1. Of the residues that make up the stretch 56-72, is at least one in a loop (DSSP other than H, G, I, E, B) and touching an Asp or Glu at 6+ places or on another chain (Cβ under 7 Å)?
2. In the stretch 13-39, what residues are outside any helix (DSSP H, G or I) and of a type outside the set (Gly, Ala, Ser)?
3. Return the residues of the stretch 14-52 that are touching a residue at least 24 places away in the same chain (Cβ under 8 Å) and either away from the ligand (no atom under 16 Å from the Cβ) or of a type in the set (A, V, I, L, M, F, W, C) (or both); say none if nothing qualifies.
4. For residue 8, indicate whether it is modelled with pLDDT of 95 or more, of a type in the set (Gly, Ala, Ser) and loosely packed, with under 12 Cβ neighbours inside 10 Å.
Amino acid sequence: MRARLSSGEIITLAKDCTCPTHEGPHWLHEDALERAKASEALQSRDIFRHIFTERARLETKVWNMNRCGITELMPDEQDACQ
Ligand SMILES: [Zn+2]
């Protein structure tokens, strides 16, 4: 996954953990897991759990993006397939 920084520079986000199960930063991997949980809640028509999970996920995502100085995430085609 690539990202645009507040400076305008575009970088490739590096792996920052030793997990053998994913590429890229660990916080993005956790974001994908939470997105899957939110989607599952929606499919189960558990709207309250869906909203609660999505709200927490997005708050954490914005926090991590701010922490890293990221203004835009730019998924590659391969990111969309995962
Ligand atoms: Zn990891």
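1. Among the residues of the stretch 56-72, not one is in a loop (DSSP other than H, G, I, E, B) and touching an Asp or Glu at 6+ places or on another chain (Cβ under 7 Å), which makes the answer no.
2. Answer for the stretch 13-39, where residues must be outside any helix (DSSP H, G or I) and of a type outside the set (Gly, Ala, Ser): 13, 15, 16, 17, 18, 19, 20, 21, 22, 23, 25.
3. 27, 28, 32
4. Against the criterion (modelled with pLDDT of 95 or more, of a type in the set (Gly, Ala, Ser) and loosely packed, with under 12 Cβ neighbours inside 10 Å), residue 8 qualifies.
Here's the yes/no breakdown for (1) of a type outside the set (D, E, K, R); (2) out of contact with any Pro (no Cβ under 7 Å at 6 or more places or on another chain); (3) modelled with pLDDT of 95 or more; (4) closer than 28 Å to residue 71 by Cβ:
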residue: 13; (1), (2), (3), (4): yes, no, yes, yes
residue: 23; (1), (2), (3), (4): no, yes, no, yes
residue: 32; (1), (2), (3), (4): yes, yes, yes, yes
residue: 46; (1), (2), (3), (4): no, yes, yes, no
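The values are calculated or read from the model by the stated rules, or taken from the named source; none is laboratory data. No experiment lies behind these values; they were computed from the predicted model shown. No Cβ is skipped: glycine too gets one built from the backbone with ideal geometry, and neighbour counts run over all protein chains shown.
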